[in-house]
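Written out below as structure tokens is the structure these notes cover.
The values are calculated or read from the model by the stated rules, or taken from the named source; none is laboratory data. Source: prediction; values computed, not measured. Neighbour counts are summed over all protein chains in view; Cβ atoms, including those assigned to glycine, are modelled from backbone coordinates with ideal geometry.
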Amino acid sequence: MRTQSRTDIRYRTYGEGGPKLVLLHGLTATRRYVVMGSRALERADHRVVMYDARAHGSSEGGDDYSYTRLSKDLLAVLDDRGIERAVLAGASMGAHTLTAFALAHPERVRALALIGATVRGAPEIATEGRTAALAAQIDAAWEAGDVDETNRLEAWYWLDGPGGDEGRVEGEARELFLDMNDGALRARSADLASIGAGNGDWVAVATRTGRIVVRAEVDESMRPRQLALPHGFGMSVPDGQGGRVVNGPRINLITDAADRDPIAGTPHHKDVPVLLEPATAAERELAERDSRRVREVAAATRG
């Protein structure tokens, strides 16, 4: 779908008839991670629309990333699908977009679900009980450099819910969560094959500011010649032997601090031109060694 601002917005619709529900993802995510593979809404006879916000996933970028602009993109999606009123649910950036949209077009909103939105003047939320205990375990695992344990606990916290039993959510949803937390570069198989690489191989991503080596993951939902790297990796943690290890890609090495995101004010990590290259033998050996060392440190910490 092409908006009035001539930006190509990609979306998918699931289900036929029933209540109409539009889901919006957060900053740096994609529609793929809104419901983490769950088909519960579709099975409950909802008509579900999910789309990649501009400069995310398969959608094109642009010059304007204000919430006014993002809310206009949402309006375009609703119009394109012929949806007059819908239940709108969004997380983080998606929640802020929905707030702007609801204020501008209240007649198009059947209901709102805002997840993780920051509201000015709201009191700080204090956690307690099992929620506080699990959050403390996550912090402790991260401080100890235990990557695997942090990943496991975060899956429990965000998927199963801190008040539920671990493993309540299974299958594709859990696999997607863990894959997203693994730090792999996502690209189409054809783009990886163009440099002689495949799923699980080490590849290099280079820009004018730096070069990183990262493991590749095939994702055919990506657009041709588009790559995606996750945030939250590249942290240096103690290895228990007086040294340190780095977990995952350090994407700040390939971005320019002077090029800042107009929404978050952080260095621009979207629409960054990069060169995808085969990793050298030396780079592959070093990356594999570091990856193995991270796992060893995690296992030793748990033991």
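A few remarks follow.
- Residue 66 being surrounded by fewer than 19 Cβ atoms within 10 Å (Cβ to Cβ), of a type outside the set (Lys, Arg), at pLDDT below 85 and within 13 Å of residue 97 (Cα to Cα): yes
- Among (1) in contact with a helix residue (DSSP H, G or I) (Cβ under 6 Å, 6 or more places away or on another chain); (2) over 20 Å from residue 186 (Cα atoms) - the single one residue 72 does not satisfy: (1)
- Taking first residues from segment 190-203 that are without any contact (Cβ under 8 Å) to a residue 60 or more places away in the chain and under 19 Å from residue 289 (Cα atoms) and partners that are among the small types (Gly, Ala, Ser) and part of a helix (DSSP H, G or I), the Cβ contacts under 8 Å between residues at least 6 apart in sequence or on separate chains come to 199/189.
- Residue list for segment 13-27, restricted to those being surrounded by fewer than 19 Cβ atoms within 10 Å (Cβ to Cβ) and either of a type in the set (D, E, K, R) or in contact with a helix residue (DSSP H, G or I) (Cβ under 8 Å, 6 or more places away or on another chain) (or both): 14, 15, 16
- Every residue from segment 1-47 that is in a loop (DSSP other than H, G, I, E, B), modelled with pLDDT of 75 or more and hydroxyl-bearing (Ser, Thr, Tyr): 30
- Hits in segment 28-52 (condition: buried (at least 20 other Cβ atoms within 10 Å of the Cβ), out of contact with any strand residue (DSSP E or B) (no Cβ under 7 Å at 6 or more places or on another chain) and of a type in the set (A, V, I, L, M, F, W, C)): 29
- Qualifying residue in segment 103-117 (condition: at pLDDT below 85 and not small (Gly, Ala, Ser)): no
- Any pair with Cβ under 7 angstrom, 6 or more apart, that starts in segment 95-115 at a residue that is in contact (Cβ under 8 Å) with a residue 12 or more places away in the chain and ends at one that is surrounded by 15 or more Cβ atoms within 10 Å (Cβ to Cβ) and polar (S, T, N, Q): 97/71; 100/71; 101/71; 104/71; 114/99
- Output for segment 71-80, where each listed residue is surrounded by fewer than 17 Cβ atoms within 10 Å (Cβ to Cβ) and either touching a Ser or Thr at 6+ places or on another chain (Cβ under 7 Å) or not aliphatic (A, V, I, L, M) (or both): 79, 80
- Yes/no for residue 39 being of a type outside the set (Phe, Trp, Tyr), closer than 26 Å to residue 168 by Cα and within 22 Å of the chain's Cα centre (by Cα): yes
- Among the residues of segment 71-91, those identified as outside any helix (DSSP H, G or I), more than 15 Å from residue 25 (Cβ to Cβ) and not β-branched (Val, Ile, Thr) are 81, 82, 84, 85, 86.
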